[in-house]
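Novice: The structure under discussion is supplied below as structure tokens; questions concerning it will follow.
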Amino acid sequence: MKRILLASALALAVAAPASAADLATRYPVKAAVVPVAPVFSWTGFYIGGNVGYGGGSYDYTFGSATASSDASGFIAGGQLGYNYQFANNVVLGVETDIQWSGIQGDMNVNGTSLKTSLDYFGTVRARVGYAFDRILPYVTGGFAYGKSKTSVETASLTGDDSSTGTGWTLGGGLEYAITNNWTFKTEYLYVDLGSNDYAISGTSSSLSVDNKYHTVKAGLNYKF
């Protein structure tokens, strides 16, 4: 009887590890899979709108006389562009925008009233930035154009004229990706549209107006 019990115990001891090994083979334990968050990329086309404020000064030259007036006003417009992000996180892009402008200034010198306004302006610019994931600081610069109107009023004459000037722009900004498609940006631009010369009716002199502006704006872009 003792021999039978001993043989049974030995058989159970051998069978138990084999059964455990068989269970481990049939039911392997799977390692937990941790999802990896996708890396955001700035590459792609975008379109958006913006609002802001601009200011500067108008420098007038009329004959041998010179004068200056402060100018300021709100701006609003839209932009369209494309970015490409390299593997080292450098982002190169190009952007064009056009802005409605309420920037204007006026002054009165020795009975002569001068008033100049910027009706609209636009830019075509390159952008260079460095991406910190969803944050993109950048510098930008390029070509600028705009339409200005100047009116002159004296005791003996009243007249106005408008012209389109061209020049350059330089600035920088910061853009943040709210989602994979929507981004928010703030931007500063210095815009120099050069000088516009106006013929003043009733006189043999011309009026030269120098146009320079500082602008700040905030906007939203939709990235495709």
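The values are calculated or read from the model by the stated rules, or taken from the named source; none is laboratory data. Bear in mind that the values here come from a model prediction, so they are computed numbers and not experimental data. Neighbour counts run over all protein chains shown; Cβ positions are idealised from the backbone, glycine included. Accessible surface areas use protein heavy atoms only, side chains included; no ligands, DNA or RNA. Shrake-Rupley method; radii C 1.70, N 1.55, O 1.52, S 1.80 Å.
Novice: Looking at Asp133, Asp160 in this structure, which one is under 25 Å from Ala71 (Cβ atoms) and more than 13 Å from the chain's Cα centre (by Cα)?
Specialist: Asp160 is the lone residue from the list that is under 25 Å from Ala71 (Cβ atoms) and more than 13 Å from the chain's Cα centre (by Cα).
Novice: Within segment 40-55, track down each residue that is closer than 12 Å to Phe184 by Cα and either part of a loop (DSSP other than H, G, I, E, B) or of a type in the set (S, T, N, Q) (or both).
Specialist: Hit for segment 40-55 is Asn50, nothing else.
Novice: Ok, one more. Hey, could you check segment 53-90 for residues that are in contact with a Leu (Cβ under 8 Å, 6 or more places away or on another chain) and of a type in the set (A, V, I, L, M, F, W, C) and say which is least open to solvent (accessible area, probe 1.4 Å)?
Specialist: Step by step, filter segment 53-90, then rank; the result is Ala71.
Novice: Moving to a separate point now. Only one of Val209, Val191 is open to solvent by less than 20 Å² (accessible area, probe 1.4 Å) and either modelled with pLDDT under 95 or within 30 Å of Gly111 (Cβ to Cβ) (or both). Can you tell me which?
Specialist: Val209
Novice: Determine, yes or no, whether Phe45 is open to solvent by 80 Å² or more (accessible area, probe 1.4 Å), within 16 Å of the chain's Cα centre (by Cα), farther than 23 Å from Ser117 by Cβ and at pLDDT 85 or above.
Specialist: Spelling it out, Phe45 is indeed open to solvent by 80 Å² or more (accessible area, probe 1.4 Å), within 16 Å of the chain's Cα centre (by Cα), farther than 23 Å from Ser117 by Cβ and at pLDDT 85 or above.
Novice: Go through segment 101-153 and give me each residue that's of a type in the set (Asp, Glu) and within 20 Å of Thr166 (Cα to Cα).
Specialist: Answer for segment 101-153, where residues must be of a type in the set (Asp, Glu) and within 20 Å of Thr166 (Cα to Cα): just Asp119.
Novice: Let me ask another. With among the acidic types (Asp, Glu), open to solvent by less than 80 Å² (accessible area, probe 1.4 Å), at pLDDT below 95 and touching a Ser or Thr at 6+ places or on another chain (Cβ under 9 Å) as the only criterion, which of Asp161, Asp97, Asp106 stands out?
Specialist: Asp161
Novice: In the list Val139, Val152, Val124, which residue meets the criterion of being in contact (Cβ under 8 Å) with a residue 12 or more places away in the chain, buried (at least 19 other Cβ atoms within 10 Å of the Cβ) and aliphatic (A, V, I, L, M)?
Specialist: Val152
Novice: Given the condition over 22 Å from the mean Cα position of the chain (by Cα) and of a type outside the set (Ser, Thr, Tyr), answer yes or no: does some residue in segment 98-105 qualify?
Specialist: Yes: segment 98-105 contains one or more residues that are over 22 Å from the mean Cα position of the chain (by Cα) and of a type outside the set (Ser, Thr, Tyr).
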